[in-house]
Amino acid sequence: MPSPAAPPAAAATASRFSWSEGTLARLWPPAVTFVVAVVAWQAMITAFAIPVYVLPAPADIWLAFANNPVPLLGHAGITLFEAIAGFLLGSLLGAVLGTVFAYFPVIARGFLPYIIAANTIPVVAVAPIIIIWFGHGLGSKVAVTTFLSFFPLALNMMKGLQSYDRTIMDVFHVAAANGPQRFFKMRLPSALPYVFVGLKLNVTFSVIGAIVAEFVQADKGLGFVIMTSYRTLAMPRLWAAMVMSALIGIVFFALIAAIERLALPWHSSHQDQA
Amino acid sequence: MTKLLTSLIAGTALALSLTPAAAETLRLEWVMQGQFAGPILALEKGYYKDAGVDVELLPAGPDIKPSVTVATGADTFGIGHPNQVISARANGAPLVMISQYGQKSATTYVARKETGITSIKDMPGHSVGLWFGGDEQEFLAMLSRAGIDQSQVQIVSQGYDIISWLNKDYEVMQVTLYNELPQVYRQGFKKEDLVFLDPAEEESIVSGGLFTTEDEITNNPKAVQAVVDATLRGWKEAIADPKAAAEIVVKYNSELKLDEQIDQIKAMGELFCAGPTLKGEFGKSELKNYEVAEKILIDAKLIDKKIDLAKAFTNEFWDKAPAEYKTIDCK
């Protein structure tokens, strides 16, 4: 596998500082944007006297969280659990099915149209049905997120396993590699970039799925807080829950991206770091 | 992600409510159905126009709350309940109830006789399905008044259907008198097979009132009076002849079935025929309903301080409405 090319500018300082320099360079623009946006937002609310129930100011949203953080954190934990559990379960099941599809093209051809069709059903339509089948607890929300995480991984795993370099596979044949060796040392590593694309999609789907499932029916979780706050016009709390769900999504995504960088340092998409 | 979802919902709500050419919009509490036969009939027969106002009726759904759309200015009038007006006012939105049609709680709680439950006192060790997000407070208040701790009862957050109760996922189910209860009967249950846990007066939140904002009352009192008068007139006719009213209602929503809507309108009549309505004062708001609602909200920590209840409703427009619209058929 080709090794990452070090950019010439960093070569001189390619020392213990290069990692922190890279991170700092990546982090300060969004941080500054955030601060500027928050200040501008707060100023706009004050200047135009916008009512709190139309658009709360950042200070109101922060207070809605800070005055009573423990219940909100509890709800966030529930939503996070629903998202992660469904993500792991769905991705695993999807990966298994995708592998079956890659090795048995006839099965793939038989099932793919239905898999693709099922993948297009919007979660708002599927969630009520899943809740009727799986009941009213966390189980039904995990079922929704599993359902959503299943298809992207099945499709991406299949595509990934089919996308290996044929020339390199010839080398494996020549070296008399057996089936498992071909799978674990050649096809699976080649599939990983596709798998990570699928995993990153699943992060988004599972967070959205958890929230939407909670909209449909729940008594816990950030989606539940959003619905309850909306109905009682407690808008700062609604926004606080929204911000927390966005943060969950961002952190989860960053985690998968970091795992990807560790697992695939050889991949060309990671070779242009500053 | 969720920001996109919420802005899509808000955008849809705004789009739905910004399309009217009408000067005033009245946001119903749910889809067009018999529950709103009064305003629908009034619109169809031109009573709003006769009274001098141009009104558009807009349906709601699970994600659209009239209290929110009226507070944000997207709609002029809305259908709602005292607890919603009180919550709104506690959160800074100056909503005011201008007429109150329902004088009983819209919800009751049914169980199969075989569960052995005969009254609220039997609830420990049993299960109940409630609509969370505010509507659960009535039953929780009932438990609290009966001295039962919530931890002794299995409380399940239910969806907007009776399927889970039919599947026996829980024993007691919160139902509206005009929607889910008729559905239960249509599944073959008879009154004799069921047990009803009805909220007492001190625990019920009345439903089905008409509200607007303080601004609208100050700037447009003629329109407010017209809407109050015409809606009373529409309801009086709808209750007098539910079948004719249902025939009008089904024209506004092709998903509806005529006989179900007749049942729904009759159920609305039952909701109205209590309190002031029985004294020929249909449509009047009463302070005691607000005191009950506020106490429930405070006990549940949904609001953290009391508000000036006298400002939450007004009978000034109802007082001036024609007297003949204030008497309806109560059997």
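A short reminder: the numbers here are calculations on the coordinates, not readings from a lab. Only a predicted model underlies this, so the values are computations on that prediction, with no experimental measurement involved. Counting neighbours? That spans all protein chains shown, and the Cβs are built from the backbone with ideal geometry, glycine included.
With the cut-off at 1.5 for a/c, could you classify the range B:134-262 from its C-alpha gyration tensor as rounded, prolate or oblate? Show your work: numbers first, answer last.
Values: a/c = 2.53, a/b = 1.38, b/c = 1.84.
Cα axes put the range B:134-262 in the oblate bin.
Please compute the contact order of chain B in relative form: average sequence separation of alpha-carbon pairs under 8 Å and at least six residues apart, divided by the residue count, as a percent. The partial results should precede the final answer.
Numbers: 590 pairs, mean separation 91.9, N = 331.
It comes to 28 percent, rounded to a whole number.
³J(HN,Hα) across the range B:281-289 via Karplus (A = 6.51, B = -1.76, C = 1.60, θ = phi - 60°), whole Hz, x for Gly/Pro?
Running phi through 6.51 cos²θ - 1.76 cosθ + 1.60 with θ = phi - 60° gives 10, 4, x, 8, 8, 10, 4, 4, 5 Hz.
Amide H neighbours of B:Tyr101 under 5 Å, at least 5 residues apart or on other chains, H built in the peptide plane: list them.
B:Gly209, B:Leu210
Mind running the shape call on the range A:139-263? Use the C-alpha gyration tensor, a ≥ b ≥ c as the square roots of the eigenvalues: rounded below 1.5 for a/c, prolate if a/b tops b/c, oblate otherwise. Present the calculation step by step, with values, prior to reporting the outcome.
Numbers: a/c = 4.91, a/b = 3.02, b/c = 1.63.
Judged from the Cα gyration tensor, the range A:139-263 comes out prolate (a/c at least 1.5, a/b above b/c).
In nm, to one decimal, how far is the modelled label at B:Ala244 from the one at A:Val251, with both set 7 Å along Cα→Cβ?
6.3 nm
Could you tell me which of rounded, prolate or oblate describes chain A, using a ≥ b ≥ c as the square roots of the eigenvalues of the alpha-carbon gyration tensor, with rounded for a/c under 1.5 and, failing that, prolate when a/b is larger than b/c and oblate otherwise? Before the final figure, lay out the partial values.
Values: a/c = 3.10, a/b = 1.35, b/c = 2.30.
Oblate, because a/c is 1.5 or more while a/b does not exceed b/c.
For chain A, what is the relative contact order in percent, using Cα pairs closer than 8 Å and at least 6 residues apart in sequence?
On the way: 310 pairs, mean separation 75.2, N = 274.
Reported as a whole number, the value is 27 percent.
If you fit an axis through the alpha-carbon atoms of helix B:258-272 and take the longest principal axis of the Cα set of chain B, what angle between them do you get, 0 to 90°, nearest 10?
Computed tilt is about 90 degrees.
Can you give me the span-like helices of chain A, meaning DSSP H runs with 24 Å or more of Cα extent along the axis and Kyte-Doolittle mean at or above -0.5?
Working: long enough: A:18-48 (46 Å, 0.96); A:69-103 (50 Å, 1.53); A:138-162 (36 Å, 0.92); A:188-216 (40 Å, 1.54); A:235-263 (42 Å, 1.70).
Qualifying helices, which must be both long enough and hydrophobic enough, are A:18-48, A:69-103, A:138-162, A:188-216, A:235-263.
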